[in-house]
1. Out of residues 5 or more away from B:Tyr157 or on other chains, whose amide H comes under 5 Å of its own, with H placed 1.01 Å from N in the peptide plane?
2. For segment B:22-69, what is the Kirkwood hydrodynamic radius in Å, using each pair of distinct C-alpha atoms?
3. Hey, fewest Cβ within 10 Å first, where do B:Val52, A:Val131 land in order?
4. Please compute, for peptide B:60-72, the average count of beta-carbon atoms on other protein chains lying within 10 Å of each residue's beta-carbon.
5. May I ask you to sort A:Glu155, A:Glu135 by Cβ crowding, counting other Cβ atoms within 10 Å and putting the fewest first?
6. Among B:Ala35, B:Ala49, B:Ala90, which one shows the highest mean-square fluctuation when chain B is modelled as a Gaussian network with alpha-carbon springs under 10 Å?
7. Filter the DSSP H helices in chain B by two things, a Kyte-Doolittle mean of at least -1.0 and an axial alpha-carbon span of 15 angstrom or more, and list the hits by number.
8. Which residue fluctuates the most in chain A, going by a Gaussian network model with Cα springs under 10 Å, if the choices are A:Ser61, A:Ser147, A:Ser83?
Amino acid sequence: MHDLGGTHGFGPVPIEIDEPLFHERWEGRVWRMLAAVMARTTIDRFRYTIEQMPPAEYLASSYYERWLWAIEHLAAEQGILDSADEPATVARPSPATPTWAGPFHEGDRVRVRNPVTNGHTRVPRYLRRHVGRVERVAFAWPNPGESAVTGTYGEPELVYTVAFAAADLFGPAADHTITADLGESDLEEP
Amino acid sequence: MSDLTPAQRTEILERHLHDHGHVDSGDVDAAIAAAESASGDGPSPALGARIVARAWTDADFRARLLNDPVAALAEYHPQTVPIAVLEDTASVHNVIVCTLCSCYPGGLLGNPPAWYKSFEYRSRVVREPRAVLAEFGMEVDSSVELRVHDSTAEQRYLVLPLRPAGTDGWDEEQLASLVTRNSMIGTGRPLAP
């Protein structure tokens, strides 16, 4: 249910003036406890876990309720609810600029693949099969679909910032530009 | 769905994790208090405002911030993920979103506001950004290119808004007082002097 970009039916943005950091005491505790499960896995597996929520439950849950659901599931999966095992270290990727070249370059037209999967992908539905233009080679990062399965970070791939004309995605009234950051394996020549 | 309230489920989870040494409940209390007080040099809208104000007054820093943001921002706070700084101009206005979850420049601005994580913002701002910005009281002229950046990977974005007119001669601290959180997300402008 998480893939919401462009979905119809949602009303005005709920803007709260001077909102507190946490609206209820338990929210802050959930926020902090995320670190216990994240020490043993990847951000991608955390997101993938939230994505397992039944859609109706996802939409009926608040932000930190979705975190709570995911932490409960990850903690059970990791066995740390009943055991005092030390976490294995999950090595984090580097935000440094990549030094190697890939198949696509600034200015190239690229098509977004249609990565249908029962697993995890960071390609939003509203961009699939659409053609955009590479704005820049942005960084390098391990493939999120793999990191979600393994719970560790593998070899990085190039990630490109790709620009799309919103009119191609949402009709002629949309006069804006949209960019998204897409991995090499999610792009192809148009 | 569980019959327990989120507060009850949180208590059960915390008891298990605390009893097995994975969470220290005293540390949880301290971390919440520190985040709520938002003082010091850690990530917060105030930190972002200082960075924006410096970029408005220091051309060399601005160039470094735009060309190598991870290195430039490390002077303020170490960045663990890539970051890109989006420069607003007279003809371009930038807005950030995460349609898939809630990716946000937390390493600079702290936790995102609830509206940023809402289904309404996530679903609508990519499809009808001018209507969404109007709900924030913001009109973007049709001659200005609106660029909406969906944070679909680990790169985070910070909007570098336009310096308000009428601030000639202002120093960094004065300028920082005009920089709002929303102006660094793209759903607002800096305050008028």
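Please treat every number below as a calculation from the coordinates, not as lab data. Note that the coordinates shown come from a computational prediction; the quantities given were computed from them, not determined experimentally. For neighbour counting, all protein chains shown are included, and Cβ atoms are generated from backbone atoms with ideal geometry for every residue, glycine included.
1. Residues meeting the amide H criterion: B:Ala84.
2. Details: mean 1/r = 0.0772 Å⁻¹.
Taking the inverse mean of 1/r over all distinct Cα pairs, segment B:22-69 comes out at 13.0 Å.
3. Working: B:Val52 26, A:Val131 14.
Fewest to most other Cβ atoms nearby, the residues stand as A:Val131, B:Val52.
4. Working: counts 0, 0, 0, 0, 0, 0, 0, 0, 1, 1, 5, 2, 0.
Taking the mean over all residues of the peptide, I get 1.
5. Numbers: A:Glu155 9, A:Glu135 17.
So the ranking, lowest neighbour count to highest, is A:Glu155, A:Glu135.
6. B:Ala90
7. Working: long enough: B:6-19 (19 Å, -1.27); B:25-37 (18 Å, 0.40); B:45-57 (18 Å, 0.55).
Sorted by number, the helices that extend far enough and score high enough are B:25-37, B:45-57.
8. Residue with maximal mean-square fluctuation among A:Ser61, A:Ser147, A:Ser83: A:Ser83.
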